[in-house]
Amino acid sequence: MKKLHKMMKAFAVSVALALVFCMIPVGSVYAETNAGTGNGSENGENGGTPSENPETVQITIDNTNSHVGVRFYQDTNNVEEIDETDTFKWIAPGTNETISVQKDAKARIRVYIQANGYYIPEDYHIDGVEKLTNDNKVGWGWCRAAFEVTADQDKTIKITEAKECPENHSTIQPNLRWGYNDQGDGTHAAFCETCSTVLDHTIGKHEYMKMTLSEYVNWYYTDGDYYAGADPEKDLAPMMKSMLEYYEKQEGLTADTVANFCKICGAVEKLPVQETPATDNKADSSTSSTTSSQPAPTPAPAVQQPAAVETPVSQPVTAALADAEGVLPTGAAITAATVTSGAAYEKAVEVIKAQVSGLGEFSVMEINLTDAANTQVHQLNGYVQVSVPMPANITVKEGKAIVVYRLEDDGTLTRCDTTVENGVITFKTNHFSTYIVAEEDVTAVTSPKTEDVSAGINLIFCMGILLAGAAAVAMKRKMA
């Protein structure tokens, strides 16, 4: 009886030790898994099901096409707050998103062309929603169509694909104040008013006017017939305010800053020395050694969309792929670009600053993968190795290390296995989206999860303890 008691006691100790070693990793994995569930929507809406909150329903936007982007406004009362990106959810081409919406509320969908050569036809529709507008000739990424959604029940809305534009592109006239793209070399080119394709044959030199920013904005919306009849307060004032804010943010100008403004495409040429505000608006063809590298805005003729939101500043970089596991699709191609503005950039900055301690310099990159049909591929069944050059703004300092983080849809960060050699950053991933190259303290304690197999190792270790305990019991029984 005493021998049996001793064997039971030894086995109990083994089980207790196993639980001690397993409790923390298992608990953390459980917490991490459950923290990551949900639909990725903002304002604490992650996780849960409609049955847990009878006051909301789940609206799924199925946007698996490759050429249309969607803004989803959960409350139509906020659709005019165009400068606040938290009033809408952006659903990129090739992705799905599920959003919690207050039951019986009126939500809104706005559709945007995201690829040159495609357009929204007059008969464009989306099944299950009410069509509000169809501005199929708005140009350069602004809202092309708007729809209203009644959140009466859980539903999935499949976004209709756009159509390919005919080859005989329609050119926008210069006197319309918009529709021309700054080429960055002192010239501009028109883009197709239907599909936004830049038309190289329309390239012309900038035609500058020297005036204050305030004078230019006023001229833009009041000179000529294009905005004739528009309500100054209801229609023009919001657009003028948005245009002022664009130049202030992107070019560092103030309302009283004197600069050269192109009267066709809006490109700005800063003057080397600030001058007294001009008294006339005559064209000035003078040039300056200080030229802005930022793209000029092309304000829409509609109230709702400033160009700055939908045309983030980006710089392409050379990226390379290595596929050790053979998971890449046929004809796979990778593209990468550093971004310095736009909704994705702002979200990445907010997340990296909040979740990474010891943070130094960092750079935000959009890394995309396409297959032979030029369709975006977001998720792979295994890992590939991606290499990108060290961002120009990052110089590794003593006590610092370079780490690549992937920004997840739910606003969390995933730390990638990263190495740096000869100015080239290499990391492993199975998903293509927004990435952040960050300089952080070598000893920094970070909250983002890391893609590794530590949970499996802990489980094996725990099983080892249990087996050792069982073996000890068996040995005692044999010796007895």
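The values are calculated or read from the model by the stated rules, or taken from the named source; none is laboratory data. Here the structure is a predicted model, which is why all the values come from computation and not from measurement. Virtual Cβ from ideal backbone geometry, glycine too; neighbours counted across all protein chains shown. Calculation scope for accessible area: heavy atoms of the full protein, side chains included, ligands and nucleic acids excluded. Shrake-Rupley method; radii C 1.70, N 1.55, O 1.52, S 1.80 Å.
Within the accessible area of the stretch 121-222, what % is carbon and sulfur when the probe is 1.4 Å and the other protein chains stay in place? Each step should come with its number before you reach the end.
Details: 2050 of 4620 Å².
Carbon with sulfur: 44 percent of the solvent-accessible area.
Can you give me the % of accessible surface on the stretch 377-424 that is carbon or sulfur? Probe 1.4 Å, all protein chains present, nothing else counted. Let's see the in-between values first.
Values: 1160 of 2440 Å².
The C+S portion of the solvent-accessible surface of the stretch 377-424 is 47 percent.
Where in the stretch 345-430 are there trypsin sites (Lys or Arg not before Pro) that are in a DSSP coil and have at most 16 other Cβ atoms within 10 angstrom of their Cβ?
Values: sites: Lys347, Lys353, Lys397, Lys400, Arg406, Arg415, Lys428; in loops: Lys397.
Counting only loop positions with at most 16 other Cβ atoms within 10 Å, the trypsin sites (Lys or Arg not before Pro) in the stretch 345-430 are Lys397.
Give the whole-number value, in cubic angstrom per residue, of the convex hull volume spanned by the C-alpha atoms of the stretch 128-259.
Working: hull volume 22.1 nm³, N = 132.
Output value, Cα hull per residue: 167 Å³.
Would you mind checking Lys347/Lys397; Lys89/Lys131; Lys131/Lys234 for any pair whose Cα atoms are more than 21 angstrom apart?
Numbers: Lys347/Lys397 26 Å; Lys89/Lys131 19 Å; Lys131/Lys234 23 Å.
As for pairs spanning more than 21 Å Cα to Cα, those are Lys347/Lys397; Lys131/Lys234.
Run through the stretch 364-411 and list the GluC sites (Glu not before Pro) located in a DSSP loop whose Cβ has at most 12 other Cβ atoms within 10 Å. Walk me through the numbers before you get to the answer.
Numbers: sites: Glu366, Glu398, Glu408; in loops: Glu398, Glu408.
Answer in residue order: Glu398.
Test of understanding: what is the full-extension gain from Ser214 to Ala92, defined as 0.36 nm times their sequence separation minus their Cα-Cα distance? Intermediate values should be presented prior to the final figure.
Details: separation 122, 0.36 × 122 = 43.92 nm, distance 3.46 nm.
Difference between extended and current length: 40.5 nm.
Leaving ligands and nucleic acids out of the surface, order Glu97, Glu325 by accessible area at 1.4 Å, largest first. Working shown, then result.
Working: Glu97 20, Glu325 110 Å².
My answer, sorted largest first, is Glu325, Glu97.
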